[in-house]
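This report concerns only the one structure given below.
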Amino acid sequence: MMRVVSVLLCLLFVVSGCSLAPQKRPDQLAFPALEFDFPTVERYQLDNGLQLAVLPDHELPLVEISVLVSGGRLYDPADKAGLSTLLAMTLESGGAGDKTPRQFEETLERLAADFGVEGDTYVTRLRLSVRQEDLQQGLKLLADVLLRPRFDGDRFELARRQMVEGIRRQDDHPSSIAGRILAGSVYGDHPFGRSATRASVEKISRADLVAYHHRFFHPDQVWMAVSGDVETAQLLALLEDVLAPWDSVSSAGYPLPATPQGADTQILLIDKDLPQTTILMGHPGIDKDNPDLFALKVANYILGGGGFNARLMREIRSNRGLAYSVYSHFQVGRRLPELFIVSSETKTESTAEVVNIIRQQIDRLGSERVSEADLTLTKQSLINSFVFAFDKPHAVASRQMRLEFYNYPPDYLESYRDHVAAVDAEDVLRAAQRYLRPDLLQIVLVGRADEIGLQFVDSTVPVGRVEPPTP
């Protein structure tokens, strides 16, 4: 018993001693500056034109591979929206080379390999992770998918049915409805404004996949990033071997469709019997080559991209309790300008109030200079968080590959923090005035349309009811 009492007295003394130490708030704590030097990514070009980024890392006996192939949903025919997505699904599941789908899957399972394919806006993305000892077999499988996909008929039909079922269920999610309505309102019949429907997917044939593959899958349109337990000389020899049959002649150019200009703002109501309203607002944004890119990163962080530090979160959630979450975001287009969006959810009766606060905060950012305190906090947050995007070697290698694929400046990563640090209050004000346009906002509201509409009877902004796009 005396021993227990002694221990308790010691603990009390320690706690009491700690309480005598001066206390500081978290924002008063000082930490040394984060240091981060980018690892050197080795760059090569194979004889057939394929671009290769390599970052050896021998900590674990694993190899990770990412591949980008030019193409993507920008090139889906208007009446066959969803083609690039269906191609990716069938590439992943449809077998390749001399292996049936089942044999291909069994080989991946035996190698404990992770493999996947995705369709994206500008590319088809492939990924493969294998043990170092299985690298040669893994590369052969990857080469078969790139050069000799089987597009198995049964797997194609299964993928199509899965895609149709996913489309059928889209309207189960208010955010999905809002996203499709907003894209269509801003972009019209541009590929950015289209969505796959049951009708468009059912028009797609296996022959369409073969033709798509023939058009885009050429080695001079491919970028590959490899990281992990590799020796560069061995990797190059393996790639030259497995990709030797791949010719380097690609199709004649891939012109990009021009994006439309923004239309005057309007409020679009979509009726769903829900206790809260999904709010999605947006207008045309910028691409990566915009000279005000970094000023807009800072501006958006202050407006709605900075979590609880952002003005929208403070005003709408913290100060008024009107929403659990609200955020803004510039979808910086890598080749074409994409959307600026603001998103939130609130109870039906506070819909108009939240919409008005959002518009007021956008106006405010373009009418008054941000404080030095807000500016300093924002820049420190963006600079310090930047390094955590590269916590793994493959994140560095694959990011470097993407930057080169999309023609970013060669020193983009190295100079990123300096560009953010150079932004001043005048830059933020100028960028907000030019690129944050309340007069162009398309405002999509999904919820009880009759109750929501009554809140906008005196609105100077046109209000209309629309039906969700036909799945």
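Quick rundown of the values:
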| item | result |
| --- | --- |
| Ranked packing of 122-130, 329-337, most packed first, by mean Cβ within 10 Å | 122-130, 329-337 |
| Other-chain or far-sequence residues with amide H under 5 Å of residue 122's (modelled H) | 73 |
| Cα-based shape type of the range 195-322, given that a ≥ b ≥ c are square roots of the gyration tensor eigenvalues and the cut on a/c is 1.5 | prolate |
| Relative contact order computed over the chain (Cα-Cα under 8 Å; 6+ residues apart), in percent | 21 |
| Whether the range 315-383 is rounded, prolate or oblate, judged on the alpha carbon gyration tensor where a/c under 1.5 counts as rounded | oblate |
| Antiparallel content of DSSP bridges confined to the chain, in %, to 5 | 75 |
| Separation in nanometres of the label points that stand 7 Å from Cα toward Cβ, at residue 231 and residue 433 | 6.2 |
| Theoretical gain in end-to-end length, residue 248 to residue 369 [0.36 nm per residue, Cα-Cα removed] | 38.3 nm |
| From phi via Karplus (6.51, -1.76, 1.60), per-residue ³J(HN,Hα) for the range 234-246 in Hz, x at Gly/Pro | 5, 4, 4, 5, 5, 5, 4, 6, 6, 9, 3, x, 7 |
| Within the chain: Cβ-based charge dipole about Cα centre, in debye rounded to nearest 20 (Lys, Arg +1; Asp, Glu -1) | 1000 |
| Nearest-20 debye value, the range 96-187 charge dipole, Cβ charges on Lys, Arg, Asp, Glu | 200 |
| Inter-centroid distance (Cα atoms) of the range 89-105 relative to the range 282-316, Å | 43 |
| Stretchable slack from residue 199 to residue 325, in nm (0.36 nm times residue separation minus alpha-carbon distance) | 41.8 nm |
| Highest-first arrangement of 212-219, 179-186, 40-47, where packing means the average Cβ count within 10 Å | 179-186, 212-219, 40-47 |
| Estimated vicinal HN-Hα couplings, Hz - the range 39-55 in sequence order (Karplus 6.51, -1.76, 1.60; Gly, Pro = x) | x, 7, 9, 6, 10, 9, 10, 6, 4, 8, x, 5, 8, 10, 10, 10, 9 |
| Separation between Cα centres of the range 50-71 and the range 195-259, rounded to whole Å | 16 |
| Spatial separation of Cα centroids for the range 454-468 and the range 345-419, in angstrom | 31 |
| Ordering of 304-316, 161-173 by burial proxy (mean other Cβ atoms within 10 Å per residue, highest first) | 304-316, 161-173 |
| Overall form of the chain per C-alpha gyration tensor (a/c, 1.5; a/b vs b/c) | oblate |
| Pairwise Lys count, the chain - Cα closer than 20 Å, eight or more residues apart or different chains | 6 |
| ³J(HN,Hα) computed for each position of the range 351-368 - Karplus, 6.51 cos²θ - 1.76 cosθ + 1.60, integer Hz, glycine/proline x | 4, 4, 4, 5, 4, 5, 5, 4, 5, 5, 5, 5, 4, 4, 5, x, 10, 9 |
| Distant-in-sequence amide H partners of residue 347 (H built 1.01 Å from N, under 5 Å) | 277 |
| Computed [θ] at 222 nm, helices only, for the chain once each DSSP H run of length n ≥ 4 contributes -39500 (n - 2.57) | -12000 deg cm²/dmol |
| Long-range HN-HN contacts of residue 196 with modeled amide H, under 5 Å | none |
| Calculated FRET efficiency for the pair residue 454/residue 120, C-beta based, R₀ 41 Å, to 0.05 | 0.50 |
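FYI, it's all coordinate maths here, none of it is from the lab. Here the structure is a predicted model, which means the values were calculated and not measured. Note that we place each Cβ from the backbone using ideal geometry, even for glycine, and neighbour counts take in every protein chain shown.
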